[in-house]
Amino acid sequence: MSKKIVVLGGGTGGTIVANNLRRHLPKDWEITLIDRDDRHIYQPGMLFVPFGIQKANTLVRSRKKYILPDVNFVIDEITHIDPDKKEVKTKKHKFSYDFLVISTGCKVVPEENDGLMEAWGKNAFSFYTIEGAEMLHKKLKEFDGGKLVMNIAELPFKCPVAPIEFVFLADWYFKNRGIRHKTEIEFVTPLPGAFTKPKASAVFIESAKSKNIKITTSFELNAVNGKEKYIESIKGDKVSFDTLVVVPSTIGDKVISDSGMDDGIGYVPTHHNTLKALKHDGIYVIGDATNVPTSKAGSVAHYEADVVVFNIMSEIHGVKPEEIYDGHSTCFIVYSKGTSSLIDFNYKIEPLHGMFPAPKFGPFSLLKETKMNWYGKLGFEWLYWNVLLAGRHLGAPPTLVMAGKEVG
Amino acid sequence: MSIEVNGTSYATDENGYLLNLGEWTEDVAKKLAEVEEIDMTEEHWNLVNFLRGYYEEYQIAPAVKILTKAIANEKGMDKKDASEFLYKLFPKGPALQACKVAGLPKPTGCV
Ligand SMILES: Cc1cc2nc3c(=O)[nH]c(=O)nc-3n(C[C@H](O)[C@H](O)[C@H](O)COP(=O)(O)OP(=O)(O)OC[C@H]3O[C@@H](n4cnc5c(N)ncnc54)[C@H](O)[C@@H]3O)c2cc1C
């Protein structure tokens, strides 16, 4: 057997996996990581850009700087995957592999939402790209009262708590500027609640109420009308706005669907617990590129990376991959500049109250708005660049830990 | 919780979703549809069978978007017409209601 591992996509998941594998495998294993550019974006920071809490240019760093020198980093567009030949094509090269890790993420496609492009940058915005977040920052600075609507176009989408955080932050921001009394905020979602998990949803709805934020649920976006300033659902319901912030439709990367490996919307059908591609041997999938039923979040990509490295190592040693991953996800939910909540859950166990990561001592509180959680959120950015991307361990298992959680 | 079909009892979760996918039969589906106040037509069965086939292949319920795309392709409709068609069949939302009749577990959405 040749000894080649190719990792597709050098974002959160791909960088962690490549570095982690490099630490574990002897030198005769060649590890190649491919991405289309050398701009690694700290995506969680994009939530802060519209409110001026963080500057866009501080979120982008060179990918190369965070990839171990013994990983072969290639900058090129990946154009085709051939699972039978075990070969990947990029615009300029061809790579064969023994193991492939797909971590090509997902992206928003506003072109897919009727009417959205006509209103784009005029009265419709999104903070899901750096450019979008900057445009929205300008708009919010000029905002002088009126109705702000946050809409999620369609499921699935990335970082399911970000839109909730956005409206909480908007409430804080407008209060700070003294224009909250002449500002209406409405959250419009296709989900039946503020969030899919009932306990957390109830807590978020309560918080929204206390902040006078209106929530409209089960709204499936059909079209945006920027001229007449409303969004319309498939059922024909209308919600009017002055400024619209939207999470546009989201799909997996084109290379997945072009290679005929997707579920119909660009995601790779993936085993929920081994993270192996359901239909192909030698291929593992992590992060936003999978179709597993948990959040599309960086924490998920990080936990999954541990499992994928473990299973590739197992296979190299002739052992079958293990069903380890449990859907574990951990997310801060920012309430204001200075306070945050936190949720920790998996496929089966919904977010619960309690302390995290240590029982009793925390220091973080689950499903509760605290100052300490905000410091956690701030500290996370440092941790991301300096510890997590390097594929280093925090000493915790990738799966959900029940200690510290209040059951029942 | 459970439902009763032809003298046999089938376990469901608290929202009325069948607990054992393997126990599903057309009669069970009819009963589940009755609870949802849906008259099963051929189009309903087509969709239910599509869902079951998809679940068997991918071990997950498809996103609404996948359903709309499949219908749009098959019937030569645009996205909006396909969505309206879906909601006509299953007014409370194709994902939630149709999955229930198809005997799939409650979809967790994207989270
Ligand atoms: C506004 C916002 C806030 C967020 N907040 C949080 C948060 O607080 N906590 C949290 O855990 N997560 C958060 N996330 C989500 C998190 O950033 C992502 O889930 C995470 O980055 C996913 O990692 P990934 O490796 O799957 O994909 P990505 O990090 O997106 O990486 C995918 C990579 O693949 C490359 N690629 C794709 N296709 C090709 C191709 N054909 N050729 C070459 N290269 C290709 C891309 O260039 C990209 O670098 C947030 C996201 C957003 C948008």
| message | If I go through the range A:162-199 residue by residue, how many of them are within 16 Å of the ligand (Cβ to nearest atom), at pLDDT 95 or above and among the hydrophobic types (A, V, I, L, M, F, W, C)? | response | 8
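Within the range A:210-243, count every residue that is hydroxyl-bearing (Ser, Thr, Tyr), part of a strand (DSSP E or B) and free of Cβ contacts under 8 Å to residues at least 60 places away in the same chain.
3
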| task | Give the residue that is surrounded by the most Cβ atoms within 10 Å (Cβ to Cβ), with candidates limited to residues of the range A:25-37 that are within 8 Å of the ligand (Cβ to nearest atom) and assigned to a strand (DSSP E or B). | result | A:Asp35
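Is it the case that some residue within the range A:304-314 is open to solvent by 20 Å² or more (accessible area, probe 1.4 Å) and either in a loop (DSSP other than H, G, I, E, B) or free of Cβ contacts under 8 Å to residues at least 60 places away in the same chain (or both)?
yes
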| field | Search result, residues across the range A:58-112 that are more than 10 Å from the ligand (Cβ to nearest atom), in a strand (DSSP E or B) and open to solvent by 50 Å² or more (accessible area, probe 1.4 Å) | value | A:Arg61, A:Asn72, A:Lys89, A:Lys94, A:Ser96
| task | Taking the residues in the range B:52-63 that are farther than 14 Å from B:Glu26 by Cβ and not small (Gly, Ala, Ser) as candidates, determine which candidate is surrounded by the most Cβ atoms within 10 Å (Cβ to Cβ). | result | B:Pro62
| Hey, among B:Met40, B:Met77, which residue is touching a residue at least 60 places away in the same chain (Cβ under 8 Å) and more than 10 Å from chain A (Cβ to nearest Cβ)? | B:Met40
| message | Here's a check for you: in the range A:144-172, which residue that is surrounded by fewer than 21 Cβ atoms within 10 Å (Cβ to Cβ) and at negative phi is nearest to the other protein chains (Cβ to nearest Cβ)? | response | A:Lys158
| remark: Of the residues in the range A:275-286, those that are out of contact with any strand residue (DSSP E or B) (no Cβ under 7 Å at 6 or more places or on another chain) and either away from chain B (no Cβ under 14 Å) or aromatic (Phe, Trp, Tyr) (or both) come to A:Asp281
| task | Could you look through the range A:310-350, keep only residues that are more than 14 Å from the ligand (Cβ to nearest atom) and hydrophobic (A, V, I, L, M, F, W, C), and pick out the one that is farthest from A:Leu100 (Cα to Cα)? | result | A:Ile349
| remark: Restricted to the range A:173-231 and to residues being in contact with a helix residue (DSSP H, G or I) (Cβ under 6 Å, 6 or more places away or on another chain) and polar (S, T, N, Q), the residue farthest from the other protein chains (Cβ to nearest Cβ) is A:Thr183
| Does A:Ser62 fit the bill of being small (Gly, Ala, Ser) and closer than 21 Å to A:Ser314 by Cα? | no
| query | Inside the range A:297-309, can you point out the residues that are β-branched (Val, Ile, Thr), within 11 Å of the ligand (Cβ to nearest atom) and more than 14 Å from chain B (Cβ to nearest Cβ)? | reply | none
| note | Considering the range B:27-37, residues that are open to solvent by less than 70 Å² (accessible area, probe 1.4 Å) and within 17 Å of B:Gly93 (Cβ to Cβ), and then whichever is nearest to the other protein chains (Cβ to nearest Cβ), we arrive at B:Glu36
| note | All conditions in (1) within 26 Å of B:Lys65 (Cβ to Cβ); (2) outside any helix (DSSP H, G or I) are true of A:Phe204 except (2)
| task | Tell me, please, whether a residue that is of a type in the set (A, V, I, L, M) and not in a strand (DSSP E or B) can be found in the range A:357-373. | result | yes
| query | For the range A:1-16, what are the residues that are outside any strand (DSSP E or B), within 12 Å of the ligand (Cβ to nearest atom) and out of contact with any Ser or Thr (no Cβ under 6 Å at 6 or more places or on another chain)? | reply | A:Gly10, A:Gly11, A:Thr12, A:Thr15, A:Ile16
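I'd like the full set of residues that are of a type in the set (Asp, Glu) and not in a helix (DSSP H, G or I), limited to the range A:132-165. First the steps, then the outcome.
If we filter the range A:132-165 for residues that are of a type in the set (Asp, Glu), which is where we start, we get A:134, A:142, A:144, A:154, A:165.
Hits for the range A:132-165 are A:Asp144, A:Glu154.
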| task | Kindly provide the set of residues from the range A:38-57 that are charged (D, E, K, R) and part of a strand (DSSP E or B), ordered by number. | result | A:Arg39
| query | Which one of these is within 14 Å of another protein chain (Cβ to nearest Cβ), assigned to a loop (DSSP other than H, G, I, E, B), under 24 Å from A:Gly252 (Cα atoms) and of a type in the set (Val, Ile, Thr): A:Thr294, A:Thr330? | reply | A:Thr294
| remark: Pairing a residue in the range A:33-45 that is aromatic (Phe, Trp, Tyr) with any residue that is more than 6 Å from the ligand (Cβ to nearest atom), where Cβ atoms lie under 6 Å and the two sit 6 or more apart in sequence or on different chains, gives A:Tyr42/A:Leu59
| task | For residues that are in contact with a helix residue (DSSP H, G or I) (Cβ under 7 Å, 6 or more places away or on another chain) and within 12 Å of another protein chain (Cβ to nearest Cβ), scanning just the range B:88-103, find the one that is least open to solvent (accessible area, probe 1.4 Å). | result | B:Pro94
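The values are calculated or read from the model by the stated rules, or taken from the named source; none is laboratory data. Keep in mind that this is a model prediction, so the values were computed, not measured. Note that we place each Cβ from the backbone using ideal geometry, even for glycine, and neighbour counts take in every protein chain shown. Accessible surface areas use protein heavy atoms only, side chains included; no ligands, DNA or RNA. Shrake-Rupley method; radii C 1.70, N 1.55, O 1.52, S 1.80 Å.
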